[in-house]
Amino acid sequence: MAKVISFINYKGGVGKTTTTYHIGCALAMFAPRKRVLLIDADPQTNLTFLCSDFVAWESRLKTHGSLETLYAAYIENRKISIRDIIWQKPMNRPELSGVDLVPSDIELLDIDLRLQSKTRAATTIQEIAETHLEQRSILQKAIAEVANDYEYILIDCPPNLYLATQNALYASDGFLVTLMPDHFSTVGVNFLDRKIQQLLRERSLAEQIVNPTAGDTKTLPFHLCFVKVNVTAGRTQLVAQEQMALVRRMPRFADKCFKAITEDFKDIREATTEQCPVFLNDPGSQNDNNYRRMAEEFGTKFA
């Protein structure tokens, strides 16, 4: 049964997609090799384009659809299997044969409005709770079809906490927050934590209304990792050291932070440009080693 982990932050540009991609690739490439499904839940489609080029994606979109197809089927009361959407071996390299993909597309941009338009009139608290859970469990139900086919399912969430992200969280066994060690990320991690815990409480309340035997509020295990850490002359910049230490001292996050970090070297930018994981594009480089360590730690923390 797959472990489903969401990669999340309400901010953009904090290495979320790059980290999802590299951890997924590392889990599939290095012993003990895992079967991995990547799900691109972000309409920016960056994870999709790390795994494929535009021409291949556009051709496949016409025949198999994307994650948006799954939500559209729900809105239109059609049945569809996520198996029909999964792109097997999108990177077409033997080292990455263990990685499959549910691609995204820009049509996901207005998915929240479209899902909300399907909200039926409710006259009781029970009906409100049922609708709440139904609209946030679309992805969870789809993933259940293929959960036995993979060891890990990694979801790259959009930089917000709207319905698409809530669907990812409801489907997840845990989540990883990527942070850059700067002032805004440090301040924002508390806000993000509060909002996610609020969402989880809302889910539990709705479940208890629908089913009084559902039990207490559920929690999700989570961790934080620092990415794109600024380095000068081979040493981590002092401000980055201070910001990472500040988060690690916070009682709520003291035992939640990865030891492994990634650094702001050109190897990762070049790998992204080449649409190839750094392990293959620049083996032996700084972030090759960094992401290997991060993936090993990920496998331990989310075992």
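The values are calculated or read from the model by the stated rules, or taken from the named source; none is laboratory data. Fair warning: this is a prediction, and the values are worked out from it, not measured in the lab. Don't worry about glycine lacking a Cβ; one is built from the backbone with ideal geometry, like all the others, and counts go over all protein chains shown.
Per the conditions (1) of a type in the set (A, V, I, L, M); (2) modelled with pLDDT of 95 or more; (3) crowded, with 20+ Cβ neighbours inside 10 Å, the sole criterion not satisfied by VAL247 is (2).
Of the residues in the stretch 120-139, not one is part of a helix (DSSP H, G or I), closer than 23 Å to THR48 by Cα and out of contact with any Leu (no Cβ under 9 Å at 6 or more places or on another chain). Assessment of the stretch 74-84 against the conditions (closer than 22 Å to LEU139 by Cα and within 16 Å of the chain's Cα centre (by Cα)) yields no matching residue. Do you know which of the residues in the stretch 52-73 that are of a type in the set (Asp, Glu) and within 21 Å of the chain's Cα centre (by Cα) is nearest to LEU96 (Cα to Cα)? In this case the residue turns out to be ASP53. Would you confirm whether or not the stretch 130-142 contains a residue that is within 17 Å of ILE86 (Cβ to Cβ) and free of Cβ contacts under 8 Å to residues at least 60 places away in the same chain? Yes, that holds for at least one residue.
Residues are listed down the side, and each one gets a yes or a no for (1) assigned to a helix (DSSP H, G or I); (2) over 23 Å from THR18 (Cβ atoms); (3) β-branched (Val, Ile, Thr):
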residue: ILE196; (1), (2), (3): yes, no, yes
residue: ARG203; (1), (2), (3): yes, yes, no
residue: GLN208; (1), (2), (3): yes, yes, no
residue: GLU270; (1), (2), (3): yes, no, no
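Considering only the stretch 189-204, I want to know if a residue exists there that is out of contact with any Pro (no Cβ under 7 Å at 6 or more places or on another chain) and on the phi > 0 side of the Ramachandran plot. Within the stretch 189-204 (the criterion being out of contact with any Pro (no Cβ under 7 Å at 6 or more places or on another chain) and on the phi > 0 side of the Ramachandran plot), the answer is no, since none of the residues qualifies.
Looking only at helices (runs of 4 or more DSSP H) that fall completely inside the stretch 1-98, which ones have 1 or more residues that are among the hydrophobic types (A, V, I, L, M, F, W, C) and surrounded by fewer than 17 Cβ atoms within 10 Å (Cβ to Cβ)?
54-64, 67-75
Can we say LEU280 is over 28 Å from SER137 (Cβ atoms), surrounded by fewer than 18 Cβ atoms within 10 Å (Cβ to Cβ), in contact with a helix residue (DSSP H, G or I) (Cβ under 8 Å, 6 or more places away or on another chain) and modelled with pLDDT of 95 or more? Criteria met by LEU280. From the list ASN167, ASN148, pick out the single residue that is closer than 17 Å to ARG35 by Cβ, assigned to a helix (DSSP H, G or I) and modelled with pLDDT of 95 or more. When all the criteria are applied, what remains is ASN148. Closer than 26 Å to LEU61 by Cα, surrounded by fewer than 22 Cβ atoms within 10 Å (Cβ to Cβ) and of a type in the set (A, V, I, L, M) - does that describe any residue in the stretch 147-160? Yes, there is a match, as at least one residue in the stretch 147-160 is closer than 26 Å to LEU61 by Cα, surrounded by fewer than 22 Cβ atoms within 10 Å (Cβ to Cβ) and of a type in the set (A, V, I, L, M). Those residues that are surrounded by 14 or more Cβ atoms within 10 Å (Cβ to Cβ) and free of Cβ contacts under 8 Å to residues at least 60 places away in the same chain, I need them from the stretch 214-230; list them, please. Within the stretch 214-230, ALA214, THR217, LEU220, PHE222, LEU224, PHE226, VAL229, ASN230 qualify. Exactly one residue out of SER117, SER104 is touching a residue at least 40 places away in the same chain (Cβ under 8 Å) and farther than 28 Å from HIS223 by Cβ, and it is SER117. Condition test on VAL14, is it closer than 29 Å to ASP193 by Cα and of a type in the set (A, V, I, L, M, F, W, C)? Yes.
Against the condition over 16 Å from LEU47 (Cβ atoms), surrounded by 16 or more Cβ atoms within 10 Å (Cβ to Cβ) and over 19 Å from the mean Cα position of the chain (by Cα), how does THR186 come out, does it pass?
Numbers: over 16 Å from LEU47 (Cβ atoms): yes; surrounded by 16 or more Cβ atoms within 10 Å (Cβ to Cβ): yes; over 19 Å from the mean Cα position of the chain (by Cα): yes.
Yes: the conditions hold for THR186.
So which residues in the stretch 246-267 are within 21 Å of ASN287 (Cα to Cα), out of contact with any Asp or Glu (no Cβ under 6 Å at 6 or more places or on another chain) and assigned to a helix (DSSP H, G or I), if there are any at all? Please lay out each step first, then the result.
Just the residues of the stretch 246-267 that are within 21 Å of ASN287 (Cα to Cα), to begin with: 257-267.
Filter once more, so that each one left must be out of contact with any Asp or Glu (no Cβ under 6 Å at 6 or more places or on another chain): 257, 259, 261-266.
Selection gives LYS266 alone.
Just to be sure before I move on: is ASP40 among the acidic types (Asp, Glu) and in contact with a strand residue (DSSP E or B) (Cβ under 6 Å, 6 or more places away or on another chain) in the structure I sent?
On the way: among the acidic types (Asp, Glu): yes; in contact with a strand residue (DSSP E or B) (Cβ under 6 Å, 6 or more places away or on another chain): yes.
Against the criterion (among the acidic types (Asp, Glu) and in contact with a strand residue (DSSP E or B) (Cβ under 6 Å, 6 or more places away or on another chain)), ASP40 qualifies.
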